[in-house]
Structure formats: C-alpha cells, structure tokens
Amino acid sequence: MNLETLCFSYLSFIKIHIESKNPDSTLIRSFVDRWFAYHQKGNFLTKNLIERKFNKPFANKLSDAERDCLLKMHFVSKDALHAILNKTNTQLIKDHSVPIKIIHKLLKKQGNCSEIHIEEQLLNFYSLGVLTTKEDLKLNALKFKSEMPNDWDGKDLFARYKKANIQQAIF
C-alpha cells in the first residue's frame with residue numbers, strides 16, 4: 001500500500017468537495033483527518049494502516065500507540081499532559097485548534113486550487129490539541145466549539161485556547 005498515494009487521494013477528495021460547493025463539514029472533517037494521519041504516518045495509523053481515531057479516551061486506558069500520538073499533537077494542555085503521564089481517570093478530547101468549519105471556509109474562499117495548494121493551507125492551519133473534557137467545556141461555554149475568537153489574527157492557531165485560559169504544556 002502506497003501511503004503517499006493515499007495521502008494525496010484525500011487531498012483530491014478535499015479538492016472535489018470544495019469545487020462541488022458541498023456544505024457538509026462532516027465529510028471535510030473525515031477527509032482532512034485522514035489526510036493528516038497518512039501525512040504523519042507512524043502511530044497515527046493502526047497496524048492495518050487505517051487512521052487511528054480518538055473517541056474521548058480516558059488517560060488511564062491509553063495504549064502506548066495512542067499515548068504516543070496524543071503527545072505528538074500540536075498542542076497538549078497542562079492538564080491533559082498531567083492526566084496522560086499520571087494515567088488518571090480523566091477523559092481527553094482530540095480538538096482541532098482551528099475548527100474544521102473555519103478551515104473549510106478558508107479553503108472555499110480560495111476557490112478552485114490544486115491539491116498542492118490545499119496541502120499548503122492544511123499545513124498552515126490544521127492543528128490538533130489534546131484537552132481534558134473540562135477544558136473542552138470551557139471552549140464551548142465561550143462559543144468556541146466551531147469558531148475562532150472575533151479578534152483572531154488568522155495566524156495564532158491556539159487563539160481559542162488562550163481566550164479560554166487553557167495553558168499549553170511544555171515538554
């Protein structure tokens with residue numbers, strides 16, 4: 001199985017999705033998450049080379065591969081890192097630092113573009129965070145579930161976390 005071809009195929013799916021003006025963000029989420037898994041490779045793929053999913057795992061029940069992936073994400077909150085390292089009974093969330101809805105809007109705004117351009121945009125804006133469910137509730141309370149702050153500069157991928165006072169772990 002050629003992982004580069006699979007990775008590129010998801011860029012093609014995204015391109016078709018954008019060109020067709022399909023409003024369904026659920027599909028774009030699937031395509032983008034799968035592109036990322038094949039782009040990253042390693043433990044982001046299962047032994048069968050399928051995207052590893054994170055459905056609100058508990059820190060004390062993570063496999064070594066899941067733990068490795070979570071710790072390699074772009075943003076890990078201090079509370080999430082504490083839960084992972086201490087294997088506490090804390091539920092975790094894989095969060096898109098820039099919500100998929102926003103990425104979808106950015107891609108649609110640019111219109112028809114090549115897979116290479118789409119990948120460049122994803123490399124600029126696709127970022128994953130690991131949060132606790134309590135931190136996720138803070139984002140939701142601020143209405144940041146699928147939105148960026150009104151004063152977002154278009155660059156700070158972690159602006160939602162900063163507004164919600166969610167601190168990034170340094171490790």
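The values are calculated or read from the model by the stated rules, or taken from the named source; none is laboratory data. Keep in mind that what you see is a predicted model, and the values were worked out from it rather than measured. We place every Cβ from the backbone using ideal geometry, glycine too, and count neighbours over all the protein chains shown.
Please specify each residue of the range 85-113 satisfying the condition of being more than 20 Å from the chain's Cα centre (by Cα) and modelled with pLDDT under 95.
LYS109, GLN110, GLY111, ASN112, CYS113, listed by residue number.
Do any residues in the range 99-120 that are assigned to a helix (DSSP H, G or I) have Cβ atoms under 7 Å from those of residues that are among the polar types (S, T, N, Q), where the two are at least six apart or on different chains, and which pairs are they?
ILE100/SER25; LYS101/SER25; LYS101/SER146; HIS104/SER25; LEU106/GLN121; LEU107/GLN121; GLU115/SER12
What is the residue count in the range 19-39 for residues that are at pLDDT below 95, surrounded by 13 or more Cβ atoms within 10 Å (Cβ to Cβ) and within 19 Å of the chain's Cα centre (by Cα)?
Within the range 19-39, the subset at pLDDT below 95 is 19-30.
Retained after the next criterion (residues that are surrounded by 13 or more Cβ atoms within 10 Å (Cβ to Cβ)): 22, 25, 27-30.
Then drop every residue that is not within 19 Å of the chain's Cα centre (by Cα), which leaves 25, 27-30.
So the count comes out to 5.
Within the range 131-146, can one find any residue that is of a type in the set (A, V, I, L, M, F, W, C), in a helix (DSSP H, G or I), without any contact (Cβ under 8 Å) to a residue 24 or more places away in the chain and surrounded by 17 or more Cβ atoms within 10 Å (Cβ to Cβ)?
no
Can you name every residue in the range 7-40 that is assigned to a helix (DSSP H, G or I), in contact (Cβ under 8 Å) with a residue 40 or more places away in the chain and in contact with a Lys or Arg (Cβ under 8 Å, 6 or more places away or on another chain)?
Selection gives ILE18, SER25.
Which of the residues that make up the range 41-61 are part of a loop (DSSP other than H, G, I, E, B) and either on the phi > 0 side of the Ramachandran plot or touching a strand residue (DSSP E or B) at 6+ places or on another chain (Cβ under 8 Å) (or both)?
LYS41, LEU49, ARG52, PHE54, LYS56, PRO57
For the range 62-79, which positions are under 16 Å from THR132 (Cα atoms) and outside any loop (DSSP other than H, G, I, E, B)?
The answer is GLU66, ARG67, CYS69, LEU70, LEU71, PHE75, VAL76, SER77, LYS78, ASP79.
Within the range 147-171, count every residue that is touching a residue at least 40 places away in the same chain (Cβ under 8 Å) and farther than 21 Å from LEU81 by Cα. Spell out the reasoning first.
Residues of the range 147-171 touching a residue at least 40 places away in the same chain (Cβ under 8 Å): 147-148, 157-158, 160-161, 166-169, 171.
In the following step, the residues that additionally are farther than 21 Å from LEU81 by Cα were identified as 147-148.
Total meeting the criteria: 2.
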